[in-house]
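Undergrad: Before I ask anything, let me first share the structure, which is written out below as structure tokens.
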Amino acid sequence: METTILKNILILLLAYFTQSSAERKDLTGKMFTFPVESDTAHVILDPNLSKSLTAVTVCLRFFSDLTRAQSLFSFATPASPNSFLFYKQANHVYEINEYDNVVLFRGLEDIPNRWNSVCATWNSQTGIAQLWVNGKPSTRKGVRRGRDISGRPSIILGQDQDSYGGKFDKIQSFVGMLTDLHMWDSVHCKKKSR
């Protein structure tokens, strides 16, 4: 019975996401719910982006009871499924993966079953990446410098793209709620938690 209810909820959410992706919408005030571990449930964002990115900042809030690794934000281009991946690993470890150059941030505490605010930044000119979790900054770390992110973007919430626009793994799927998603083509410093 519980499995049938969860499947029906997932089908309704997928129908909503499919209808919502047909037209451009502002995500202000929207919350996306990912109720079950899945290799199919995801949200596709279709940005109006025609220029190369020399910097990226992604901020969002998430609520999850999982302590396993899960994908928060996946930005792929035809050249790389990991043009800018923002990934929560287990045990308070976060990952920024920029063109398969991975940097790990440890010790930034997120709390299960509570809203957590996270921001990730990267600057091509300096190669510096930084993370904020609930208003607390990480150390700045070098990822890769001198190469912009270019190509038609595929932005996915709730899954890690292992190929451009797909090839999802349910063990990497996000389970919980995401809201307050913002992305900039510059470095924004997050000083306070919400």
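Undergrad: Where does the range 97-194 land on Rg/Rh, using Cα atoms and the Kirkwood Rh?
TA: 0.95
Undergrad: What order do you get for M31, M183 when you list them from fewest to most C-beta neighbours inside 10 Å? It would help to have the intermediate numbers written out before the result.
TA: On the way: M31 12, M183 19.
Lowest count first: M31, M183.
Undergrad: Explain nothing, just the number: relative contact order of the range 2-184, from Cα pairs under 8 Å at least 6 residues apart, as a whole percent. Don't skip to the end; give the middle numbers.
TA: On the way: 438 pairs, mean separation 58.8, N = 183.
With pairs under 8 Å counted, the relative contact order is 32 percent.
Undergrad: Which value, in Å to one decimal place, does the Kirkwood hydrodynamic radius take for the range 2-184 when every pair of different Cα atoms is included? Numbers along the way, then the final one.
TA: On the way: mean 1/r = 0.0603 Å⁻¹.
With all distinct Cα pairs of the range 2-184 included, I get 16.6 Å.
Undergrad: In this model, which of K88/K141; K51/K170; K30/K170; K51/K88 are farther than 21 Å apart at the alpha-carbon?
TA: Working: K88/K141 17 Å; K51/K170 32 Å; K30/K170 24 Å; K51/K88 28 Å.
From the list (K88/K141; K51/K170; K30/K170; K51/K88), the Cα-Cα distance tops 21 Å for K51/K170; K30/K170; K51/K88.
Undergrad: Give the span of the range 104-144's Cα atoms along each principal axis, as three whole-Å numbers ordered largest to smallest.
TA: Sorted from largest, the Cα extents of the range 104-144 read 37, 15, 12 Å.
Undergrad: I would also like to ask the following. Enumerate the aspartates and glutamates that K136 could reach by cross-link, defined here as Cα to Cα under 19 Å, with residues fewer than 8 away along the same chain left out.
TA: The qualifying aspartates and glutamates are E95, E109, D110, D180.
Read-outs throughout are calculated quantities, based only on the coordinates presented, and are distinct from any laboratory measurement. Computed from a predicted model, the values in this text were never measured in an experiment. Methodologically, a virtual Cβ is constructed for each residue, glycine included, from the backbone with ideal geometry; neighbour enumeration extends over all protein chains shown.
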